[in-house]
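Scroll down for the structure; my scribbles are underneath it.
The values are calculated or read from the model by the stated rules, or taken from the named source; none is laboratory data. Since the model is a prediction, treat every value here as computed from it, not as a measurement. Here Cβ is always computed from backbone atoms with ideal geometry, including for glycine, and neighbour counts include all displayed protein chains. For accessibility, only protein heavy atoms count, side chains too; no ligands or nucleic acids. Shrake-Rupley method; radii C 1.70, N 1.55, O 1.52, S 1.80 Å.
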Amino acid sequence: MTSRGVRPGDPKPSRTGSRRRGPESSATGKPRLPVARAVSAGGVAVTPEGLVALTVRTNPKGERQCGLPKGLVERGESPEDAAVREVKEETGLEVEIGPEIGIVEYWYVSPEEGLRYHKFVRYFLMTVVGGDPARHDQEVEQVLLLPWEEAIARCSFKNEARILTRAREMAQGGASDRPGRILEP
């Protein structure tokens, strides 16, 4: 197994409920791709007015998607530092980091690399202290600042909508500061 952005103490892949067929085959009989781990970090950035930052991108199929800012944890970088850096790069906003909201875990295939990734994304609650959403990087087409309910409704990914729901509860004092694990449905 290769790794990308993995540090000691990061979450380990779970084998619960999986049936091992060996590295040479899958349920379809095709050769299994090698598995790599990827660790990213991101945040739910909330303005003093209570608005939440979402990024807008167009996926390879041409569909516009709204989601939370996030990116890979670089070698030697803490998840907290990566989250602050990624939020600033993707939204143009300067933030102060707060408690961890939770971890989203999912799988994806990179045909270009010939790898199947098991990805873990750690999300943190953040307070916007400055910046300008017009100064986002080129990876993002637009930054939206939305009320909680609209941000949750417009989020293109169910697991990120769950992170937003938990972040709202934490911001309003209704949830514990203990991070939760959110698995892709």
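Summarising the amide proton neighbourhood of GLY102: residues at separation of 5 or more, or on other chains, whose placed amide H is nearer than 5 Å comprise TYR123, GLY180.
Protection proxy ranking for 146-157, 95-106, using the average of other Cβ atoms within 10 Å per residue and placing the highest first: 95-106, 146-157. Over region 56-185, Cα pairs under 8 Å with separation of 6+ residues give a relative contact order of 29 percent.
One decimal place: the segment ALA153-SER110 gains 12.6 nm when fully extended, by the rule 0.36 nm per residue minus the C-alpha distance.
Seen from SER156, the other residues with C-beta closer than 10 Å to its C-beta sum to a net charge of +2, counting Lys and Arg as +1 and Asp and Glu as -1. All other residues whose Cβ lies under 10 angstrom from that of HIS136 are scored, Lys and Arg at +1 and Asp and Glu at -1, for a net of -4.
Length gained on full extension, THR127 to GLU141, computed as 0.36 nm times the residue gap minus the Cα-Cα distance: 2.8 nm.
Checking the Cα-Cα distances for LYS30/LYS158; LYS88/LYS158; LYS70/LYS158 against a 20 Å cut-off, the pairs over it are LYS30/LYS158; LYS88/LYS158. Sorting GLU80, GLU112 by solvent-accessible area of protein heavy atoms yields GLU112, GLU80, largest first, with a 1.4 Å probe.
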